[in-house]
Amino acid sequence: MKKLLNTTNKTTLFLCSLSIAGLIFTNTFFLMLKNRIINMGNVEGLIDRFSIPVALTYILFGFFHLSAILTLVLQLNFFKRDNVLRAFLFFIGIISLLMLFGDTALVNDISKEYVFGFPNEFYILYFSQAVHFLFSVLMMILLIGTGKALKRSEKKVILKDDSVFINAQYIGILSGISGLVLITIFSALYPTFYNPPVWALKAGISVICFIAFVPYFLIILYWLVFKIREKPSEWYDEKQFKDLAKSSLVTLGTSVVFLLILFVIQFSYKSVLILSLIWFPLYFFFILLLFSAMTLFFYKQG
Amino acid sequence: MKNKHRLKNNLRKCRFEYNEISQQQLANEVGVTRLTIHSIEKGKFNPSVLLALKIASFFKKPVEEIFYLEDYGLKEKKK
């Protein structure tokens, strides 16, 4: 286990360094492309010249992300201690991986739509690049830190493990916050677009929900893989059961208040039609955030 | 008059006397997480009867030698 983790740590660190260099390259290309579009230069020539190197760089990004996520899972299994940075990296790593596919679609759109004016897709692309960059830099910090810790640490025997339980709560908090914030921003910006179709709102909300929920779904799936061999009564120890019960009670009470507020808004202001489309995602991510935060609070409190 | 009680324990002392075993080792023996043992020692979490008996059995001591009730105040019963 230690040997495997050591190998993946080193491989990921190598790929991470290459990825940071690759990000500098792709961002330089996007900047050149943006300037060509603004100055109405030869865009097609630039795309033809750089399309293969950019595609190869994106394949490298894909390998780096997969290797990084594998390393994070192995670290989670080896160190048996909760680490906020590791939980955050697991969350942002999954989002960054999903955004790699989004980048491909965005660049494809930009290469077709630039003739109609400056494409707004550039702003999403830059946001996506910032997420990739943040993930790569933080991953490098974690790998350097854990590389040293790995040399001097031995695997501890822990029969009842709580590291995945705690990390799942951290990721639940991050998923909840990102879902709530992104849905709110998207819903607020949506009416400002020129004559926006309803399907665009539905599609946007669906994509946001998918991206925000996938990291939590994956950590729960990972936890279930280990727990499926045990009886459901042994999934948690008695303190965890008690903490989950307390957080469920708080969540239940607060969810009624939250739904009441949504109902009053919808009842009083009939023009808030958008609420009829987003009430469930808002409710879902609010509950996820509250439940995870409360469980973590009660568990850490003692 | 009504007495108020709080569950106290000698878990830390018992661990010390039992070859200074760690919270994690005890947690492994009785099938809970390390944080649960830590919370019991701090008096923040009251274990179930089953867990208290498991701990007592591990230390080969009667349960009341490890866990005991402490009065922490008297309260006037309102009529």
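The values are calculated or read from the model by the stated rules, or taken from the named source; none is laboratory data. As the structure is a prediction and not an experimental result, all values here were calculated from the model. Counting neighbours? That spans all protein chains shown, and the Cβs are built from the backbone with ideal geometry, glycine included.
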When you scan segment A:83-96, do you find a residue that is under 30 Å from A:D243 (Cβ atoms), among the hydroxyl-bearing types (S, T, Y) and modelled with pLDDT of 80 or more, even just one? no
Does segment A:38-92 hold any residues that are among the small types (G, A, S), free of Cβ contacts under 8 Å to residues at least 60 places away in the same chain and closer than 30 Å to A:K227 by Cα, and which are they? A:G62, A:S67
Some residue of segment A:62-72 being under 23 Å from A:I166 (Cβ atoms), touching a Cys at 6+ places or on another chain (Cβ under 9 Å) and modelled with pLDDT of 90 or more: yes
Which residue, of A:L277, A:L249, is more than 14 Å from every other protein chain (Cβ to nearest Cβ), under 30 Å from B:L35 (Cβ atoms) and hydrophobic (A, V, I, L, M, F, W, C)? A:L249
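State whether one or more residues within segment A:140-155 are buried (at least 16 other Cβ atoms within 10 Å of the Cβ), assigned to a helix (DSSP H, G or I), over 20 Å from the mean Cα position of the chain (by Cα) and not assigned by TED's automatic domain parsing to the domain that holds A:L66.
Among the residues of segment A:140-155, not one is buried (at least 16 other Cβ atoms within 10 Å of the Cβ), assigned to a helix (DSSP H, G or I), over 20 Å from the mean Cα position of the chain (by Cα) and not assigned by TED's automatic domain parsing to the domain that holds A:L66, which makes the answer no.
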Scan of segment A:225-244 for residues that are modelled with pLDDT of 90 or more and either loosely packed, with under 15 Cβ neighbours inside 10 Å or outside the structural domain of A:A168 (by TED's automatic domain parsing) (or both), ordered by number: A:F241
State whether one or more residues within segment A:235-255 are within 30 Å of A:P191 (Cα to Cα) and not charged (D, E, K, R). yes
Is segment A:284-299 home to any residue that is surrounded by 15 or more Cβ atoms within 10 Å (Cβ to Cβ), more than 22 Å from the chain's Cα centre (by Cα) and either closer than 19 Å to A:L189 by Cβ or assigned by TED's automatic domain parsing to the domain that holds A:Y236 (or both)? yes
